[in-house]
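The values are calculated or read from the model by the stated rules, or taken from the named source; none is laboratory data. Note that this is a predicted model, so its numbers are computed, not measured. Keep in mind that these areas ignore ligands, DNA and RNA; they rest on the heavy atoms of the full protein, side chains included. Shrake-Rupley method; radii C 1.70, N 1.55, O 1.52, S 1.80 Å.
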Amino acid sequence: MDPMESLAAALQRGDDAAVREHTREAIGLGRAPAAILNQGLLAGMGVVGEQFRTHQIFLPEVLLAARAMYAGLDVLQPLLERDNVPMLGKVVIGTIRGDLHDIGKNLVGIMLRGAGFEVIDLGKDVPPERFVDAAVEAGASVIGMSALLTTTMVGMKEVVATLEARRCRGQIKTIVGGAPVSAEFAREIGADDYAFDAASAVTRVKALLGVA
Ligand code: B1M
């Protein structure tokens, strides 16, 4: 079996030891880290999401898959982040209040760090005012918010409103992302930008700050 297929299959089984092993194997075979992420780990998680949606598997299996995803990401992370790149700016990131999904947000953090940004990661279930407090305290130029639930994405609007109330909107830009989020939604809530995935989050944050 192709190592990417073995990796995706191990992730679907929630077998973290096998995911770690297959990730190392794929690196050893010279596969690009982005390919291992997309064709192995994310491909497997896509199947898990679909099986969960159609009630073929349930929450415990999804939790195991998430744990296995992190086992693979731990191995990949040093390769996705590059050392000694100049600091391009500070970005505060987090998953919005009520939302415990953090795999995508963590990927965004890894990619931003790899591109040279200092990332202040507030974790998951982050209240709107905490995003703003952290950005003001750290002197960050961008707040990046992630949401995976249709019920939590509305919280992003409160971050934009809090920035507005504190007269920080403009100096601190906002970018939103996550499976239910779209460019149209970003416009509706007054966010400065939207990114479809972690790689495009880097491009969009650079564009927001006008850096190369
Ligand atoms: Co949950 N879950 N989950 N889940 N879960 C989804 C999101 C769901 C779509 C599954 C389904 O029904 N098919 C569904 C949401 C339905 C909806 O709202 N429309 C769902 C549900 C219902 C739930 C619970 C309510 C289930 C329950 O309790 N009955 C519950 C909610 C808990 C809560 O948050 N309060 C729940 C719980 C969980 C687990 C804890 C078991 C686990 C999360 C573990 C963790 O994150 N540590 C989990 C998982 C793993 C999933 C699925 C299967 C996979 C999510 C994932 O990690 N994908 C998911 C199904 C799916 O999305 N297909 C599902 C991989 C990740 C890399 O992708 O996060 O989309 P993603 O990130 C992408 C992009 O979206 C983007 O970049 C990343 C890729 O490069 N991106 C950004 C993300 N954030 C960004 C920010 C940016 C820019 C881009 O700028 C700042």
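Observations on the structure shown:
- Segment 103-182 and segment 4-29: distance between their alpha carbon centers, rounded to Å: 31
- On a per residue basis, the convex hull of the C-alpha atoms belonging to segment 1-81 measures out at 74 Å³.
- Of the solvent-accessible surface of the chain, computed with a 1.4 Å probe and all protein chains present, 55% belongs to carbon and sulfur.
- When the helices of the chain are scored as -39500 (n - 2.57) per DSSP H run of n ≥ 4 and the total is divided over every residue, the value at 222 nm lands at -16500 deg cm²/dmol.
- Rolled with a 1.4 Å probe across the full set of protein chains, the surface gives PHE52 an accessible area near 90 Å².
- Span-like helix check, the chain: qualifying full DSSP H segments, with Cα axial length of 27 Å or more and mean Kyte-Doolittle of 1.0 or more, are 59-80.
- Long-range tail of P(r) for the chain (Cα pairs > 33 Å, %): 17
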